[in-house]
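The values are calculated or read from the model by the stated rules, or taken from the named source; none is laboratory data. Computed from a prediction, not measured in an experiment: that's the story for all the values here. Note: ideal-geometry Cβ built from the backbone for every residue, glycine included; neighbour counts use all protein chains shown.
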Amino acid sequence: MKLVPVAYIISAAIGYAVGHYLLEGAPAAYASILISYHLFLVYLVVTAEHEKGLSFPIGQALATHCAFLALLIALPYMRAHIPFFGLITWAIPGLAPFETKWLFSGKGKTMTTQEETPAPPPMAEADAGDHEAFRDYLRQPDRTFRKPGISVSEEFNLWLTDRAKKRAAAAAAVAQMQDGSAVSAVGVVAPPD
């Protein structure tokens, strides 16, 4: 984006040249504004550092762009009332960055593939005790499984999966302790049943 000032000056100069040397009257004012604006807009969209794409559905994006153009076309109507109108045409491409960020940032449609979406954890079966423990968990100020954008049921699934893992680990530890207590007085481990 280091060439933005140069591209701005070039697009404004081309619009100014077309409007003042190739055309006369109202078409000159319209051409000057529309050509310089669109040249700079195209440059900004093509060289954008953000994700390229439309922020709105195509119909809404076209309607919004037409609203921008209506604003730009309204300016030449005021050329008789604005002193030094030729200098204002040099400032018109300065509106293009707003439209670029607004319409062409690609934030409206986020396409995700199946590989990007994480698979939900497998559901563990819950009983009444689990639901009561989860209600107690919800009363805590710092909930470990709370993440932005997930629902309470998804949080419950994460919590329940973690609880099932902890129960399985505790059962394995108890089983290991019971196997370790089967050591005889001479230090020989008895085989498990």
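Observations on the model:
- Condition broken by ALA169, with the remaining ones in (1) aliphatic (A, V, I, L, M); (2) in contact with a Leu (Cβ under 6 Å, 6 or more places away or on another chain); (3) modelled with pLDDT of 80 or more satisfied: (2)
- The listed residues are THR100, THR89, and the only one of them that is part of a helix (DSSP H, G or I), at pLDDT below 75 and within 23 Å of VAL6 (Cα to Cα) turns out to be THR89.
- Condition check for GLY59: within 15 Å of ILE92 (Cβ to Cβ) and at pLDDT 80 or above: no
- A single entry from GLU115, GLU125, GLU24, GLU49 fulfils the requirement of being under 30 Å from LEU160 (Cα atoms) and modelled with pLDDT of 70 or more: GLU125.
- Of everything listed in (1) surrounded by 15 or more Cβ atoms within 10 Å (Cβ to Cβ); (2) outside any helix (DSSP H, G or I), the single unmet condition for PHE40 is (2).
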